[in-house]
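K.L.:
One structure coming up, written as structure tokens, with questions to follow.
Readers should treat all values here as calculations from the given coordinates under stated rules, not as data from a laboratory. Please read all numbers here as calculations on a predicted model, not as lab measurements. Methodologically, a virtual Cβ is constructed for each residue, glycine included, from the backbone with ideal geometry; neighbour enumeration extends over all protein chains shown.
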Amino acid sequence: MLSGKIVTAAEQRPFCRAAIRPGLCALAFVLAASAAPPAASADVAVRFAPAKTVSSWDFRSAQERNSMFRELARYLERIGDQLLPPGRSASIELLDLQPAGRFEPWRIPPGDSVRVLRDTTPPRVKLRYRVTERGRAIAQGEETVTDMNYLSNLAARSSSDRLAYEKAMLRDWLRKRLVRLEPQRR
């Protein structure tokens, strides 16, 4: 190419010279690529099994609680698929959720429907998990994840997401426990 000679596409790809139509070469490449076995990918399955009772300190209704469980399950599946190395899979069961802050029913309406965040009301998620790699269990356990310093998380604090603190806490937990396989502290 340095000599200034003009090279046609057919000269660059000698295997395409004999193609009857110019698009056949591209079609052959696409078909060959799609026939290749897919790369191993991460797989995260999340279920939730909330308790039958609903605390008025944590939730306004069972629908609100179930909505939060569903949102956290979808979030864990999405970031788990992104963060877990290929070939590793995880199953997570969300057992209990106490969102950051509490409702204070003694406040005058509409203040009684505002979740008040205090350093004494951190988010807590009780869960059970199992991590497998190539079909072999490499980690499992049941634990309550909490973040006592949740109010110091500036990214979550400036977010408009209603579960920003819980998602930040679970993202950190997932990285530690399911990606780096750090043992839980006793």
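K.L.:
Can you tell me the length gained on complete extension of the stretch Asp161 to Ser91, counting 0.36 nm per residue apart and subtracting the Cα distance? Mind dumping the intermediate values first?
P.N.:
Details: separation 70, 0.36 × 70 = 25.20 nm, distance 2.49 nm.
Result for the pair: 22.7 nm of gain on full extension.
K.L.:
Check cross-link reach from Lys52 to the aspartates and glutamates: straight Cα distance under 13 Å, and skip same-chain residues fewer than eight apart.
P.N.:
Partners found: Asp96.
K.L.:
I need Thr120, Thr144 ordered by Cβ neighbour count within 10 Å, fewest first. All intermediate terms of the calculation are to be shown ahead of the outcome.
P.N.:
Values: Thr120 8, Thr144 12.
Result, fewest neighbours first: Thr120, Thr144.
K.L.:
Can you list the residues, at least 5 places off or on another chain, whose amide H is less than 5 Å from the amide H of Phe48, using H built in the peptide plane?
P.N.:
Leu94
K.L.:
Against the globular-protein guess of 2.2 N^0.38 Å, express the Cα radius of gyration of the range 43-179 as a ratio, rounded to two decimals.
P.N.:
Details: Rg = 15.7 Å, N = 137, 2.2 N^0.38 = 14.3 Å.
For the range 43-179, the normalised Cα radius of gyration is 1.10.
K.L.:
How far is it, in nm, from the label point at Arg128 to the one at Thr144 when both lie 7 Å from their Cα along the line to the Cβ?
P.N.:
Computed distance between label sites Arg128 and Thr144 equals 1.7 nm.
K.L.:
Let me ask you something else. How far apart, in nm, are two points set 7 Å out from the Cα along the Cα-to-Cβ line at Trp106 and at Asp119?
P.N.:
According to this spin-label approximation, the distance is 2.2 nm.
K.L.:
List, in order, the whole-Hz ³J(HN,Hα) value for each residue of the range 120-127 obtained from phi through the Karplus relation with A = 6.51, B = -1.76, C = 1.60 and θ = phi - 60°; use x for Gly and Pro.
P.N.:
Ordered by residue, 3J(HN,Hα) equals 8, 10, x, x, 9, 9, 9, 8 Hz.
K.L.:
Moving to a separate point now. For Leu97, which sequence-distant residues (separation of 5 or more, or a different chain) have an amide H within less than 5 Å of its own amide H, given hydrogens modelled in the peptide plane?
P.N.:
Correct list: Lys126.
K.L.:
Which value in nm describes the separation of the simple spin-label points at Ala62 and Arg136, placed 7 Å from the Cα toward the beta carbon?
P.N.:
So the label points at Ala62 and Arg136 sit 4.4 nm apart.
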